[in-house]
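The values are calculated or read from the model by the stated rules, or taken from the named source; none is laboratory data. What you are looking at is a predicted structure, and each value in this text was computed from that prediction instead of being measured. Quick reminder, even Gly has a Cβ in these numbers, built from the backbone with ideal geometry, and neighbours come from all protein chains shown. Heads up: the accessible areas ignore ligands, DNA and RNA and are worked out on the full protein's heavy atoms, side chains in. Shrake-Rupley method; radii C 1.70, N 1.55, O 1.52, S 1.80 Å.
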Amino acid sequence: MSHVLLCAGASVAIYKSCDLASKLTQAGHAVRTVLTPTAARLIDPQLFEAITGEPAASTEFGVERRGPMDHIDLARWADIVVVAPCSADLAGRIAGGLAGDLVTTSLLALEPGVPRLLCPAMNSVMFAQPAVARNLAQLVGDGWTVVEPDEGHMACGEAGLGRLAEPTEIAERVEALLGG
Ligand SMILES: Cc1cc2nc3c(=O)[nH]c(=O)nc-3n(C[C@H](O)[C@H](O)[C@H](O)COP(=O)(O)O)c2cc1C
């Protein structure tokens, strides 16, 4: 049993991270979820709490606060981190070392040895942008494993490369990084 910190950005593909949270929980892992504030406008953290039986939050201020410094506690708690879905904006913020919300602050507080997976999800034109490629290359250089998106239908009505990888594949990558 491992501690999985699941971080979710504001992509329509966030519905798939509910399935991922369920799969990881059923595999016996403790899964705590952190959503960006924008992601929490798409889906309520409470749903992740119901799926995982563990805390989920989008801020460490106010009523969602769990302790004196949630970002440090979450970072210390995590055996592995999965960012799924990772929006273009979130990838840029992580690559840039920004820490303006609970997701990015927790990621910045991670010890160097903690394995970290990042699963981009976005429109194919967005994914093909040099700026996005630059940010993802930076993240790989910084020790992130990037799970390539799939090709196919997207919610915007287009088809192309940018669909979030399937939860089964992401869960397998988590197990592989945990050495399972
Ligand atoms: C319904 C909806 C779906 C979206 N899907 C995506 C997406 O799949 N990928 C992406 O990069 N941005 C997407 N966006 C735009 C992001 O939500 C926006 O860039 C946001 O600021 C990213 O927030 P985050 O960095 O906290 O994830 C979407 C916006 C909306 C309203």
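Would you please name the GluC sites (Glu not before Pro) within segment 1-84 that are DSSP coil residues with at most 11 other C-beta atoms within 10 Å of their C-beta?
none
Given +1 on the Cβ of Lys and Arg, -1 on the Cβ of Asp and Glu, and no further charges, what dipole in debye does segment 1-59 carry about its Cα centre, rounded to the nearest 20?
So the magnitude is around 120 debye.
Got a sec? Charge dipole of the chain, +1 on Cβ for Lys and Arg, -1 for Asp and Glu; which of Leu102, Ala8, Leu178 is way out at the positive end?
The listed residue farthest towards the positive side: Leu102.
Between Phe61 and Ala133, what FRET efficiency follows from the Cβ-Cβ distance if R0 is 30 Å, with the result rounded to 0.05?
0.30
Would you calculate a helix-derived [θ] at 222 nm for the chain, using -39,500 (n - 2.57) for each DSSP H run of n ≥ 4 and dividing by the full residue count, to the nearest 500?
Helix-only estimate at 222 nm: -11500 deg cm²/dmol.
Full-extension gain between Val140 and Ala176, please, as 0.36 nm times their residue separation minus the C-alpha to C-alpha distance.
Length difference between fully extended and current span is 11.2 nm.
Nearest 10 degrees is fine. How inclined is helix 130-141 to the longest principal axis of the chain, computing both from alpha carbons?
For helix 130-141, the angle is close to 50 degrees.
In the chain, what is the volume of the convex hull around the alpha carbon atoms, normalised per residue and reported in Å³?
Once divided by residue count, the hull of the chain is 101 Å³.
Could you give the dipole magnitude of segment 3-178 about its Cα centre, charging the beta-carbon of Lys and Arg +1 and that of Asp and Glu -1, in debye to the nearest 20?
With only Lys, Arg, Asp and Glu charged at Cβ, the dipole is about 240 debye.
Can you give the alpha-carbon Rg of segment 1-65 over 2.2 N^0.38 Å, where N counts its residues?
Here the answer is 1.02, to two decimals.
Tell me the carbon and sulfur percent of the accessible area for segment 3-178, rounded to whole percent, probe radius 1.4 Å.
Carbon and sulfur together cover 54 percent of it.
Would you kindly state how much longer the chain becomes between Gln26 and Ala159 on full extension, computed as 0.36 nm times their sequence separation minus their alpha carbon distance, in nm to one decimal?
44.7 nm
Please sort 102-111, 4-13, 30-39, 126-135 by packing, taking for each peptide the average over its residues of neighbouring beta carbons within 10 angstrom, highest first.
Those peptides, ordered most packed to least, come out 4-13, 30-39, 102-111, 126-135.
Loop-only GluC sites (Glu not before Pro) in segment 89-180, please: DSSP not H, G, I, E or B, and at most 12 other Cβ atoms within 10 Å.
Glu158
Might you tell me the accessible area per residue for the chain, computed with a 1.4 Å probe and given in Å²?
Per-residue accessible area for the chain comes out at 46 Å².
Would you be so kind as to identify which of Pro115, Gly141, Gly162 lies farthest towards the positive end of the dipole of the chain, taking Lys and Arg as +1 and Asp and Glu as -1 on Cβ and the Cα centre as origin?
Value computed over the given set: Gly141.
Considering only segment 48-180, what is the antiparallel percent among its DSSP beta bridges, to the nearest 5?
Of the beta bridges lying entirely in segment 48-180, close to 40 percent run antiparallel.
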